[in-house]
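The values are calculated or read from the model by the stated rules, or taken from the named source; none is laboratory data. Small disclaimer: the values here were computed from a predicted structure and weren't measured. In this analysis, Cβ positions are derived from the backbone assuming ideal geometry, glycine residues included, and neighbour counts consider all displayed protein chains.
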Amino acid sequence: MGHPYTWLFVVGVIAGMTACTTPQFTMPPGPPDYRIGFHDGCDAGYTYAGSPFYGAADWTPPAAAPGYMAGWQAGFDKCRASYQRVQKMVSLLLGPL
């Protein structure tokens, strides 16, 4: 990483990846309740993991239909883990020098 703009590029790519939530058209297959729950759970997972792009949110799934609850939990787990991997990579790349 000798070029002076390399760090800027890396930070920009990481910031761009973390700013995204899961769009509805990339949801896993399943009934509408599951897909909506997945989307809502994904937002909560990013919030729980500390994404600066998500404000305060309730991290517990709401009492809802079983399909929604299953989707919410799957989305929460997937997006929480995804953002935590990003945080780990940023820490490794930009950690203490």
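Remarks
- Considering each residue of segment 41-48 in turn, at least one proves to be within 16 Å of residue 30 (Cα to Cα) and in contact with a Lys or Arg (Cβ under 7 Å, 6 or more places away or on another chain).
- Helices (runs of 4 or more DSSP H) enclosed by the chain - at least 1 residues per element that are modelled with pLDDT of 85 or more, surrounded by 11 or more Cβ atoms within 10 Å (Cβ to Cβ) and out of contact with any Ser or Thr (no Cβ under 7 Å at 6 or more places or on another chain): 32-49, 66-94
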